[in-house]
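Reviewing the structure listed below.
The values are calculated or read from the model by the stated rules, or taken from the named source; none is laboratory data. None of the values given here were measured: they were computed from a predicted structure. The protein model used for the area step is the full one, side chains on, heavy atoms only, and it has no ligands, DNA or RNA in it. Shrake-Rupley method; radii C 1.70, N 1.55, O 1.52, S 1.80 Å.
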Amino acid sequence: MSDIEIKLDRLCVGIEVIKEKQEEMAEDCAKIKEAVYNPDEGLYARLRALEAWQNTSSKMIWTLFTTVVGLVGAFILKSLG
């Protein structure tokens, strides 16, 4: 084999390795995309659920706080009167 044929063979092997790695990266990117954008279990779906829970819990906390302040105020007024 000549020197050129050896170098050409190495180049072909290198291209095959790059091709395999590129396919592997494409599969990994597809998995990441699925994990992030899945409408049922993806990252965005979880964030939406967390934000909804946060809004609901915030409303409940304010309702409880208002109720406690009202009860304390009623107790104070009843004690003074």
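Across all directions, the shadow cast by the convex hull of region 20-62 built on its C-alpha atoms averages 3.2 square nanometres. Taking Cα atoms, how many degrees apart are the long axis of helix 43-80 and the longest axis of the chain, rounded to 10 and kept between 0 and 90? The helix 43-80 is inclined about 10 degrees to the chain.
With the convex hull drawn around the C-alpha atoms of the chain, the volume per residue stands at 92 Å³. The angle between the Cα long axis of helix 3-37 and the longest principal axis of the Cα atoms of the chain comes to about 20 degrees, rounded to the nearest 10. Heavy-atom surface analysis with a 1.4 Å probe gives region 19-81 a carbon and sulfur content of 66 percent of its accessible area.
Annotation: extensible slack from Val69 through Val17 equals 11.7 nm (criterion: 0.36 nm per residue apart, minus Cα-Cα distance).
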